[in-house]
1. State which helices in the chain qualify, where a helix is a whole DSSP H run, it must extend 15 Å or more along its own axis by its Cα atoms, and its mean Kyte-Doolittle hydropathy must be at least -1.0.
2. In whole Hz and in residue order, list the ³J(HN,Hα) couplings for the stretch 66-81 that follow from phi through the Karplus curve 6.51 cos²θ - 1.76 cosθ + 1.60, θ = phi - 60°; x for Gly and Pro.
3. Which residue, chosen from Ser553, Trp599, Val210, occupies the Cα position most advanced towards the positive end of the dipole of the chain, where the dipole is computed from +1 (Lys, Arg) and -1 (Asp, Glu) charges on Cβ about the Cα centre?
4. Charges at C-beta only: +1 for Lys and Arg, -1 for Asp and Glu. How large is the resulting dipole of the stretch 343-456 about its Cα centre, in Debye rounded to 20?
5. Taking just the C-alpha trace of the stretch 439-575, give me its Rg and Dmax in Å.
6. Could you grab the relative contact order for the chain? Cα pairs under 8 Å, six or more apart, rounded to a whole percent.
7. Taking Rh as the Kirkwood radius computed over C-alpha pairs, what is the Stokes-Einstein D of the stretch 513-554 at 4 °C in a medium of viscosity 1.567 mPa s, expressed in µm² per second?
8. From the cross-link list Lys223/Lys344; Lys41/Lys400; Lys315/Lys429; Lys104/Lys209; Lys329/Lys400, which pairs have alpha carbons spaced over 26 Å apart?
Amino acid sequence: PVEDGYRLWLKYDLIGDVAKRQAYARSAQFIASSGTDPILKTATRELQLGLQGLLGKAIPVLTSAGNRTGGIVLTVTTGTDSQSLAPEGYRISANNRTITISGKTSAGVLYGAFALLRQLQTQQPLEAISLTSSPKVQFRMLNHWDNVDGSVERGYAGMSLWKWYELPERVDPRYRDYARANASLGINGTVVNNVNASARFMTAEYLQKVAALADVFRPYGIKVYLSVYFAAPKTLGGLKTSDPLDPQVRKWWADKVKEIYQTIPDFGGLLVKANSEGEPGPQDYGRTHADGANMLAEAMKPYDGVIIWRAFVYKAADTSDRPTADRFKAAHEEFTPLDGQFDKKVIVQVKNGPIDFQPREPFSPLFGNMPKTPLGIEFQITQEYLGFATHMVYEAPLFKECLEADTYVNGKGSTVASIVDGSLHRYSKTLMAGVANAGSARNWTGHPMAQANWYAFGRLAWDHTLSSEAIAREWIAMTLTQDRQATSRIANLMMKSRDIYVDYNTPIGLSRPWSGVHFAPEPWQNRSSRPDWTAVYYHRADSLGLGFDRTASGSNALAQYRPDVRRQWEDPKTCPLPYLLWFHHVPWTQKLSSGKTLWTELCTRFYTGADSVRWMQQEWALVKPAVDPAIHADVSARLATQHKEAIWWRDAWVLYLQTFAKEPIPAPFKKPD
Ligand code: GCW
């Protein structure tokens, strides 16, 4: 059959190397697993399924190994050797010709089973295997921005995976494959509806539908969560208000949460976008984000669930009524005064950067500045600002750049990751969320290479210390090819892809050069109902120069960072080039740390960026013999589109900026494409 990408990284094709296969088969003569725990059963079945494909034969499942050796034993144990494990961690060890996968919980064993399969998929030896791994973050979640009508906000891979009109009676088999893919990465929660939420998800009718999904996900250790429409008490409940301090409103939510748990006993919790981009919220009644979140936390009190409250806020007034107003500063301004006021069930979910998932942003200054409030991080896997599903952008380096950034809140080494994983401020809850890129497209993500972004997000949510390149190589081996040369070539391509995109799209700290569509180049766009919904608000090009002054002479957003960070970034000479125009309005003819003037550096980036896509095409052409022909052709075609669009980006920016810079395009770049 034609390879269509449906199987993602769970292909389990027969291992071609006979000697290797036989060696694996000697270690996997049987699986021993007992008990009726549904997640343990899943672990057993997944292992059996994977091994059958990889080894080309059925592996018997026994309830106990007895005195047999040469098999794989799955065991949930609280014994001494699992003591150092987190609840969902696993240990894989080989002893006396027996491989044991153990965990404190059945979920741990499930993750161990997938980890063992990964060893085979990437052709690692099994004989002396010894792996211990615990997730660094407790809530590892996908956020779907999926709507009732089947559309997906910022989704580029078809329609929603969830067929609300068929549920709960018809349960698409695909839901299970979705759960398998997530469980294989350790993802343990999914918010199934858009944060721009429809109140309909709070109706009995929709809760039944969501319950049917929860039934599918449960044996994979995945809990469902829902986004809520804050004004539901009014629109759905018929109350006069949705004021979080109103007793009737509080009762409405308490009853609603009770109803949810009657329908979905292991429901994960609620995600809230409030007073952001027109969504209702507690501020509509003069209350704070903490008032709103705490009201929901109170309703959640009898249950295990959590309240995840988003910090993605920027009031329109912030940009007009104060001379130093700056959207960059909004979340920090609204949320840091509330530190310590949130109920312990609440996690505040913060986007990685201060603006909005731009191709390159500095880390959000909220990280480090709310020591008493568990802050989760929200990344965007779907490529809203990264070329939709046509550009190849491997996102792990973007995620890592943020996670490894040093906030200096407790001195050197206070990385964003150390805040998110709870180690720095001893958070009681930790969370990493990714806005999903999966849809109804047969291959889930539209761009075949975008599967790697789902994969990388999941792997990093489990262990943020993994390197982007190691994750890329793993994914390539499991998904595309085992050819060594081709693997290196593709990994190299992936590793460079994000910088290439930034070069032709938003180099040196430019951002948001578009209006509504979020992709077409419109750096000239200057009209909107709000200034911060125009492109010119962000780049501030004028006859003198380019960039947003966020130093003390400008909006002073830099004051939200610790002195060690601020000092480096507030001096244009020491500010890293990739962030320069985020913080400085730089004269066109100013010499940069690269030795080039701003204008020449910009042209260099735009032109080499677009040229590099041609390089990507050439590199991809070279791996043709090692990759499935259908996938290869698909990616080739998308790269051709990417090249064409990279030139659009380059030309739109360069010609527009030239009207201010009044400088010629440097000679080496004046060549036809
Ligand atoms: O920038 C915006 C996106 C919106 C999204 C919003 C958010 C869900 O363009 O589509 O709405 O971010 O994160 O809430």
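1. Span-like helices here: 38-55, 106-121, 204-217, 289-300, 451-462, 468-479, 484-505, 598-622, 629-661.
2. For the stretch 66-81, the Karplus-derived couplings read x, 9, 6, 10, x, x, 10, 9, 9, 8, 8, 8, 9, x, 4, 6 Hz, x marking Gly and Pro.
3. Farthest towards the positive end: Val210.
4. Here the size comes out at about 380 debye.
5. 19.7, 55
6. 11 percent
7. In µm²/s, the coefficient is 118.
8. Lys41/Lys400; Lys315/Lys429; Lys104/Lys209
Just so you know, all these numbers are worked out from the coordinates, no wet-lab data involved. Because the structure is a prediction, the values reported are computed rather than measured. Please note: Cβ atoms are built from the backbone with ideal geometry, for glycine as well, and neighbour counts cover all protein chains shown.
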